[in-house]
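Some notes on the structure that comes next.
The values are calculated or read from the model by the stated rules, or taken from the named source; none is laboratory data. Just so you know, these numbers come straight off a predicted model, no measurement behind them. Positions of Cβ are generated from backbone atoms using ideal geometry, with glycine treated the same way; all protein chains shown enter the neighbour counts.
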Amino acid sequence: MTSMSTELQSPDSAKDQHVYHRRGALFIVSAPSGAGKTTLCKRLMASLPGIWHSVSYTTRKPRAGEEGGREYFFIEEPAFQEMIERREFLEYAQVYGHWYGTPRQALMDKMEQGVDVLLEIDVQGALQIKQQFDDAVCIFILPPSLESLRIRLHGRGSDSPEEIQRRLEQVKEEVRSFREYQYEYQYIVRNDDLGQSLRELQSIFVAERLKTERLDMSWFRRHFPIAQDVEHDRETP
């Protein structure tokens, strides 16, 4: 998507400093387990600058290949409960018998710096976040079908048959939950073809970044002034 490169510089770049000043947007991506959400988000991060991935805390143990601070911050349950008491999470929930939570302060800091924040959380977590950020952009990623999802989960080879069956049952619950709250999500991406799904996800981010309501329009008044704007600038200290 080379034609978009002019507008998609990192907020830290010199070019962006005099183009579009704005507060960072909050993007929430949800999906059933095995739908390809993690792969899509990694490719999105590699292809579009100016996105910060919020890393959640969890009490579950790392899986093979996972690193603390990259996929999750892995902590023990007592430490997690202490963070709850200190109100350090924007949202938290127990999933598959383990606790997961989204840290508050780092996310707020990045948005104030004009950096877009990407959250990967489930539907219930998204609803909690939407209560605090009504302009959050919610995206739901779906596999082509439940049968294709079953094949993907078996193909990963990381879970036992019992675990796969449990996850499939949980997927059905997640899909039912999404159908109940589907209008809280502005976008759906059906992940049938990874390349096409990535392009759709990129387009959502680009379009949301360019919404008038997200931009500081003072640059527009400076470059396209009319009489009222000149008077306004004189009166503004």
Checklist entry - Which one of these does L119 not meet: (1) modelled with pLDDT of 85 or more; (2) over 30 Å from L215 (Cβ atoms); (3) of a type in the set (A, V, I, L, M); (4) crowded, with 20+ Cβ neighbours inside 10 Å? => result (2)
Item to check | Single condition P78 does not satisfy, out of (1) at pLDDT 95 or above; (2) under 21 Å from the mean Cα position of the chain (by Cα) | outcome: (2)
Checklist entry - Can you tell me which residues in the range 39-52 are surrounded by fewer than 14 Cβ atoms within 10 Å (Cβ to Cβ) and either in contact with an Asp or Glu (Cβ under 9 Å, 6 or more places away or on another chain) or assigned to a loop (DSSP other than H, G, I, E, B) (or both)? => result none
Next on the checklist: Could you check the range 130-152 and list, in sequence order, the residues that are buried (at least 21 other Cβ atoms within 10 Å of the Cβ) and either over 23 Å from the mean Cα position of the chain (by Cα) or in a helix (DSSP H, G or I) (or both)?
Outcome noted: L149
Next on the checklist: Quick check on S197: is it farther than 19 Å from F27 by Cβ and either touching a Lys or Arg at 6+ places or on another chain (Cβ under 6 Å) or in contact (Cβ under 8 Å) with a residue 24 or more places away in the chain (or both)?
Outcome noted: no
Next on the checklist: Cβ-Cβ under 9 Å, sequence separation 6+ or interchain: first residue in the range 67-84 and hydroxyl-bearing (S, T, Y), partner part of a strand (DSSP E or B). Which pairs?
Outcome noted: Y72/Y57; Y72/T58; Y72/Y100
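Could you go through the range 96-116 and let me know if any residue there is closer than 18 Å to E77 by Cβ and polar (S, T, N, Q).
So far as the range 96-116 goes, yes, one or more of its residues are closer than 18 Å to E77 by Cβ and polar (S, T, N, Q).
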Item to check | Output for the range 66-85, where each listed residue is farther than 21 Å from L119 by Cα and in a loop (DSSP other than H, G, I, E, B) | outcome: E76
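In the set E71, E120, E76, which member is farther than 19 Å from I141 by Cβ and of a type in the set (D, E)? Write out each step before concluding.
Values: E71 fails: farther than 19 Å from I141 by Cβ; E120 fails: farther than 19 Å from I141 by Cβ.
Every option except E76 fails the conditions.
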Checklist entry - Filtering the range 188-198 down to residues that are under 13 Å from L44 (Cβ atoms) and surrounded by 14 or more Cβ atoms within 10 Å (Cβ to Cβ), which residue is modelled with the lowest pLDDT? => result N191
Checklist entry - Out of curiosity, is F89 under 25 Å from E200 (Cα atoms), touching a residue at least 24 places away in the same chain (Cβ under 8 Å) and of a type in the set (F, W, Y)? => result no
Next on the checklist: Here's a check for you: in the range 206-228, which residue that is of a type in the set (D, E, K, R) and in contact with a Phe, Trp or Tyr (Cβ under 9 Å, 6 or more places away or on another chain) is modelled with the highest pLDDT?
Outcome noted: E208
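Based on this model, can you work out whether S203 counts as at pLDDT below 90, of a type in the set (G, A, S), surrounded by 11 or more Cβ atoms within 10 Å (Cβ to Cβ) and assigned to a helix (DSSP H, G or I)?
No, not satisfied.
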Checklist entry - Has the range 159-181 got any residue that is within 30 Å of A64 (Cα to Cα), in contact with a Lys or Arg (Cβ under 9 Å, 6 or more places away or on another chain), of a type in the set (D, E) and in a strand (DSSP E or B)? => result no
